[in-house]
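Structure record follows, encoded as structure tokens.
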Protein chains: 2
Amino acid sequence: MRATFMYGAGDVRVEQVPDPELKQPTDAIVRIVRACVCGSDLHPYNSMPTGDHAAAMGHELIGVVEEIGRDVTGLAKGDFVISPFAYADNTCPICRDGFQTACPNGGWYGLGDVGGAQAELVRVPQAGGTLVKVPAGVDEALYPSLLALSDVYLTGYHAAFMAKAGAGKTVTVIGDGAVGLSAVLAARQMGAERIILMGRHTARTDLGKEFGATDVVAERGDEGIAKVMDLTGGQGSHIVLEAVGHMPAYHQAYGVVRAGGVISRVGVPQYEDAPVGFGSLFGKNITLNGGPAPVRAYIDTALTDVLNGKIEPGKVFDQTRNLDDVADAYKAMDSRTALKVQLTI
Amino acid sequence: MRATFMYGAGDVRVEQVPDPELKQPTDAIVRIVRACVCGSDLHPYNSMPTGDHAAAMGHELIGVVEEIGRDVTGLAKGDFVISPFAYADNTCPICRDGFQTACPNGGWYGLGDVGGAQAELVRVPQAGGTLVKVPAGVDEALYPSLLALSDVYLTGYHAAFMAKAGAGKTVTVIGDGAVGLSAVLAARQMGAERIILMGRHTARTDLGKEFGATDVVAERGDEGIAKVMDLTGGQGSHIVLEAVGHMPAYHQAYGVVRAGGVISRVGVPQYEDAPVGFGSLFGKNITLNGGPAPVRAYIDTALTDVLNGKIEPGKVFDQTRNLDDVADAYKAMDSRTALKVQLTI
């Protein structure tokens, strides 16, 4: 089959590899129908050293179950499914808490002996706990929105959920990438009235407005912070959803947050240490939370909303390429000519 | 009047200074009846450089209103009062949110032109918003517990409150100082069933058990982390209350917290940067919160509990000295021969 590998920064290739096979009785093999490139894939695309190894890429997918192990329950060959970007047993205490991305029996696509999802086929460990069935015969026009439930929309949703976005709250979203825009949509679904989107790409912030942003702040750094403080009467934002992952976004987050407020991060941090002391978080009683989204915890409700037409998170996909052209998809997203690229297989 | 000043690490002196006077119409002057030394006072006691200035010390007090400005409402001369360790107007939007320590019209004892509370008299800005009346004629045996509401108990309470300690939760408290023990008492009041106290001073952990700790872990660092993981069946603690403020306690906190759990800090951080990335907080969806306790938000309920005998937070005071001997009080706490020293004036 064809599968995508990254050999170093800027070097993404489609290669022929053996088809994956069932290894554990809890595995399934899924034939991928749509996949995509994630904002988090751009981090290694910009920084991966050449030469040490090739990384199997991709972790978002919808597809059809092709094979199932003997211990997989609730699934059958031919089922159309969405896979969360991380696999999990969905039965352990941590999963029951709603934090499936920390499941001790779970893991990540593209790591160890599990392949990536920018491919024709993928082995899904813990398939019964991981995969979510989509009713048969769903309109192909809904595929982008179903694919968005694999990661991007529910990652934005997780940020808003952890921060308890809701009525009476001012929410500032940092980042006009696909996750940031998804966070806007989720915050609006949760009833937030004032949603300030910090971003400077008009095409993207326009979609942000369509998703529910009430204000757009194009300025960055101190200027952007001053603008948000101004918009909030000098108090700052109850909630800040940080959908970038770089340190300047973190600085911006604690710069605009209101005393007693929440910074919820879903941009994968490209740093380990950050300010948390008296001058940044502690002095103002700021809550910092977020992490890899436990998509599995949110997907059933969101799937209903997609099927009912209540939300259309797939609007973040503004380009489509074939798997053969995945290198172009990375290039388009990295150069910001594409917001998010969907891959047909 | 007599007042306490710190001139550098280890150098605490009582000096004669002019009595404070009303400066703003919202001020009051309080004659202090009891004050005390705070664990946070020990940070400068260990690190303050000599020679640049003398710092006015003390921020915990009960006393009697001696004078009030013309705009102070709800108070009269002769009222017996508790002062939260920070003053605040208690009417602005931030105070109404319950974060009085971030009040834009508030501030701290011992800073600017506001004196410290290890003294005979103190000027209290924003007195109407700050001071809480105690019913007349209260038994002097209750003074230690009333004094504990100025800071120490309600700082421990804040940690537990922000972390939503309650039924079904395992709470680990890091630090067997007076704030850590107060956090144990507060978590127990909130209904936490399992409370693991990390501390190695038996006299202190014994009081921790009396306050509600179900387990004591004397080990520190990796050994302490392993012990807590063992006690929690390998899952870690839902809630960690960090009542120290030094980096090893922070490392211990994210070492023992369960995925999806909360680290609530009330030990004043002696660091600005700390690990928050994938390997510490983000990967496990840990929430980090806490800060200077908005004592004013919690004091009314706690006062009722003290007056009714439901709680006795004043048990953390194991020694009493006169103000004249405040230097000995610092020495006793710094050498850990005292848990917390109460000052008579």
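The values are calculated or read from the model by the stated rules, or taken from the named source; none is laboratory data. Worth saying up front: this structure is predicted, and the values here are computed from it rather than measured. Here Cβ is always computed from backbone atoms with ideal geometry, including for glycine, and neighbour counts include all displayed protein chains. For accessibility, only protein heavy atoms count, side chains too; no ligands or nucleic acids. Shrake-Rupley method; radii C 1.70, N 1.55, O 1.52, S 1.80 Å.
Just so you know, the Rg over Rh for the range B:1-99 is 1.02, from Cα atoms, with Rh as the Kirkwood radius.
Carbon-plus-sulfur accessible fraction, the range A:156-290 (probe radius 1.4 Å, protein heavy atoms only): 52%. Which shape class, rounded, prolate or oblate, goes with the range A:115-232 when its Cα gyration tensor gives a ≥ b ≥ c as root eigenvalues, a/c under 1.5 marks rounded, and past that a/b bigger than b/c marks prolate? Prolate. Considering only Cα atoms, the convex hull volume of the protein assembly as shown works out to 158 Å³ per residue. For the range B:185-265, applying the loop criterion from DSSP together with a ceiling of 16 other beta carbons within 10 Å to the GluC sites (Glu not before Pro) yields B:E193, B:E219. Helix B:202-211 and the longest principal axis of the Cα set of chain B meet at an angle near 90°. Just to be sure I understand the interface: list residues from the range B:241-263 that lose 50 Å² or more of accessible area between the chain on its own and the complete protein assembly, 1.4 Å probe. The answer is B:R258, B:A259. Restriction of the chymotrypsin sites (Phe, Trp or Tyr not before Pro) in the range B:245-345 to DSSP coil positions whose beta-carbon has at most 15 other beta-carbons within 10 angstrom yields B:Y271. Against chain B, whose longest principal axis comes from its Cα atoms, helix B:152-162 is set at around 50 degrees. Straight-line reach from A:K284: taking Cα to Cα under 21 Å and skipping same-chain neighbours fewer than 8 places apart, the lysines in range are A:K164, A:K169, A:K227, B:K164. Using a Gaussian network model of chain A in which every pair of alpha carbons under 10 angstrom is joined by a spring, one finds that among A:G78, A:G115, A:G236 the greatest mean-square fluctuation is at A:G78.
The listed residues A:V14, B:V184 rank as A:V14, B:V184 when sorted by accessible area, largest first, using a 1.4 Å probe.
Chain B packed on chain A takes about 3200 Å² of accessible surface away from a 1.4 Å probe, both sides summed. Oblate is the label for the range A:92-149, because the ratio a/c of its alpha-carbon gyration tensor axes (a ≥ b ≥ c) is 1.5 or higher and a/b is not greater than b/c. Per residue of the protein assembly as shown, the DSSP helices (runs of n ≥ 4 H) give a summed -39500 (n - 2.57) that works out to -8000 deg cm²/dmol at 222 nm.
For the residues A:S280, A:S150, A:S182, a GNM of chain A with alpha-carbon springs under 10 Å puts the largest fluctuation on A:S280.
Under a model in which nothing but the beta-carbon of Lys, Arg (+1) and Asp, Glu (-1) is charged, the range B:154-290 shows a dipole of about 320 debye around its Cα centre. Modelled this way, with points 7 Å down the Cα-to-C-beta line, the labels at B:M247 and A:H251 are 2.1 nm from one another. Rounded to 0.05, the FRET efficiency of the A:K133 and A:Y271 pair, given R0 = 45 Å and the Cβ-Cβ distance, is 0.70.
All Cα-Cα separations within the range A:256-317 were binned at 5 Å from zero, giving a P(r) of 4, 14, 16, 16, 15, 12, 12, 9, 3, 0, each value a whole percent of the pairs.
Relative to the globular-protein estimate of 2.2 N^0.38 Å, the Cα radius of gyration of the range B:154-290 stands at 0.91.
If I take all pairs of Cα atoms in chain A, what percentage of them are more than 25 Å from each other? So the pairs more than 25 Å apart make up 50 percent of the total in chain A. The lysines within cross-link reach of B:K315, meaning a Cα-to-Cα straight distance under 23 Å and a gap of 8 or more places when in the same chain, are B:K133, B:K209, B:K331, B:K340.
Residues within the reach of a label modelled at B:H201 (point 7 angstrom out along Cα to beta-carbon, backbone nitrogen below 14 Å), restricted to the range B:175-190, are B:175-182. Here the range A:285-319 and the range A:1-52 have alpha carbon centers that stand 23 Å from each other. Considering only DSSP states other than H, G, I, E and B, which trypsin sites (Lys or Arg not before Pro) in the range B:28-86 qualify as loop sites with at most 12 other Cβ atoms within 10 Å? Taking the range B:28-86 and a limit of 12 other Cβ atoms within 10 Å, the loop trypsin sites (Lys or Arg not before Pro) found are B:R70, B:K77. Full extension of the segment from A:A54 to A:R96, taken as 0.36 nm per residue of separation minus the current Cα-Cα distance, would add 11.7 nm.
At a temperature of 10 °C and a viscosity of 1.306 mPa s, determine how fast the range A:212-342 diffuses translationally according to Stokes-Einstein, using the Kirkwood radius over alpha-carbon pairs as Rh; express D in µm²/s, rounded to the nearest whole number.
Values: Rh = 17.2 Å.
In µm²/s, the coefficient is 92.
Over the protein assembly as shown, accessible surface divided per residue gives 36 Å², non-protein components excluded, 1.4 Å probe. The listed residues A:K133, B:K227, once ranked by accessible area (1.4 Å probe) with the largest placed first, stand as A:K133, B:K227. Of the listed residues B:T73, A:T26, B:T205, the order by accessible area with a 1.4 Å probe, largest first, is B:T73, A:T26, B:T205.
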